[in-house]
Each structure stands twice: as C-alpha cells, then as structure tokens.
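Reading through the structure tokens given below for one structure.
The values are calculated or read from the model by the stated rules, or taken from the named source; none is laboratory data. What you see is a predicted model, and the numbers here were worked out from it, not measured in a lab. Every residue, glycine as well, gets a Cβ built from its backbone with ideal geometry; the counts of neighbours run over all protein chains shown. Please note that ligands, DNA and RNA were not included when accessible areas were found on the heavy atoms of the full protein model with its side chains. Shrake-Rupley method; radii C 1.70, N 1.55, O 1.52, S 1.80 Å.
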Amino acid sequence: SAYRILEKLNLSKKIAIIGIAKRLEEIYFPNDSVPLYIDKNSESLKVIQNARNEAHRFAITFHRNKRSKSATKSILNEIPGIGEKTIQKLLGNFKTLNNIQRIDNNKIAEVIGNDKAKKIREYLRESEVTC
C-alpha cells in the first residue's frame with residue numbers, strides 16, 4: 001500500500017521502502033518476491049525491527065485513542081454550555097445518560113448547578129432523546 005502511494009506521488013524512485021516479515025524477519029523490497037535474510041544478531045536488523053515495532057506501537061495507540069474517544073462521546077457533548085468537566089461529573093455521579101434523564105432535576109442541580117441542569121433538561125426534552 002505504501003509503495004503504491006509513493007508511486008502515485010512519483011516518489012517511489014526517491015524514497016527507499018522495505019517490508020519486514022515478522023516471524024522469520026525477512027526483508028522484502030517492492031516488486032521482488034525473493035526476501036533478503038539478515039543475520040539475526042545484526043545491528044542493522046535490530047534497527048529495522050525497532051522501526052517496525054515503533055510504527056506498530058504508534059498505529060495501535062492511535063487507533064485505541066480514536067476508538068476510546070468515539071466510545072466516550074455522548075449527546076451531552078452536543079449541548080451548548082456543557083463542557084467535558086461537567087459531563088464527567090454527571091457520568092461520575094449518575095453513570096449513564098438513561099439515569100440522568102430519569103433523575104430528579106434537583107439532584108442533577110446539586111452536582112452541576114441549576115443553570116447547567118436546566119440546559120441539559122431542555123436540550124434532552126427538545127431533542128427527544130431516548131435511551
């Protein structure tokens with residue numbers, strides 16, 4: 001995939017690209033089916049392995065963060081005047097949006113104040129959110 005992108009950008013002849021197979025640590029070059037074997041104790045192989053491992057770590061961390069952000073996003077994020085700290089207080093006390101909708105407005109106001117509790121009630125009523 002990376003090689004095809006470099007080709008589209010006319011960079012395939014300017015930027016060297018290789019692939020490393022995980023199990024046998026074989027080095028592959030684009031358009032060459034015969035792998036290059038580097039001595040397992042070679043410093044060169046260790047540098048390539050570290051680069052591969054770091055790229056994998058970065059990609060995995062990026063995707064975990066992306067999934068976790070989308071998993072924690074709720075309709076509460078859409079309410080004007082309601083920030084992340086307020087949402088954390090609400091969910092910390094009441095756990096779910098469903099609970100927030102059922103709970104008495106006075107209890108919500110005790111946690112985040114009357115103005116914000118009123119904003120949340122009105123927004124949820126207007127948008128007719130059901131859980």
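For the chain, what percent of Cα pairs sit more than 24 Å apart? The share of Cα pairs beyond 24 Å in the chain comes to 56 percent. In the chain, the calculated helix contribution to ellipticity at 222 nm averages -18500 deg cm²/dmol per residue, counting -39,500 (n - 2.57) for every DSSP H run with n ≥ 4.
Axis of helix 84-94 versus longest Cα principal axis of the chain: the two differ by about 70°, to the nearest ten degrees. Residues in the stretch 102-119 carry Karplus couplings, in order, of 7, 6, 4, 4, 5, 5, 5, 4, 4, 7, 10, x, 5, 4, 5, 4, 5, 4 Hz; the curve used is 6.51 cos²θ - 1.76 cosθ + 1.60 with θ = phi - 60°, and Gly or Pro positions show x. Since only Gly83, Ile27, Leu9 are under comparison, the one whose Cα sits farthest along the positive direction of the charge dipole of the chain, derived from C-beta charges on Lys, Arg, Asp and Glu, is Gly83. Among Leu97, Leu45, Leu24, the order of accessible area from largest down is Leu24, Leu97, Leu45, computed with a 1.4 Å probe on protein heavy atoms. What a 1.4 Å probe finds exposed on the chain is 53% carbon and sulfur by accessible area, rounded to a whole percent.
For the chain, a simple Cβ point-charge model (Lys and Arg +1, Asp and Glu -1, everything else neutral) yields a dipole of about 180 debye relative to the Cα centre. Annotation for Arg57 and Ile103: the two label points, set 7 Å from Cα along the Cα-Cβ direction, are 4.0 nm apart. Extension gain for Ser42-Lys89 works out to 11.6 nm (0.36 nm per residue, less the C-alpha to C-alpha distance).
Qualifying trypsin sites (Lys or Arg not before Pro) in the stretch 89-131, where qualification requires a DSSP coil assignment and no more than 14 other C-beta atoms within 10 Å, comprise Lys95.
Per residue, the accessible area of the chain comes to 76 Å² when a 1.4 Å probe rolls over the protein heavy atoms.
Assuming a ≥ b ≥ c are the square roots of the Cα gyration tensor eigenvalues, decide whether the stretch 1-57 counts as rounded (a/c under 1.5), prolate (otherwise, with a/b larger than b/c) or oblate. Prolate shape, in that a/c is at least 1.5 and a/b is the bigger ratio.
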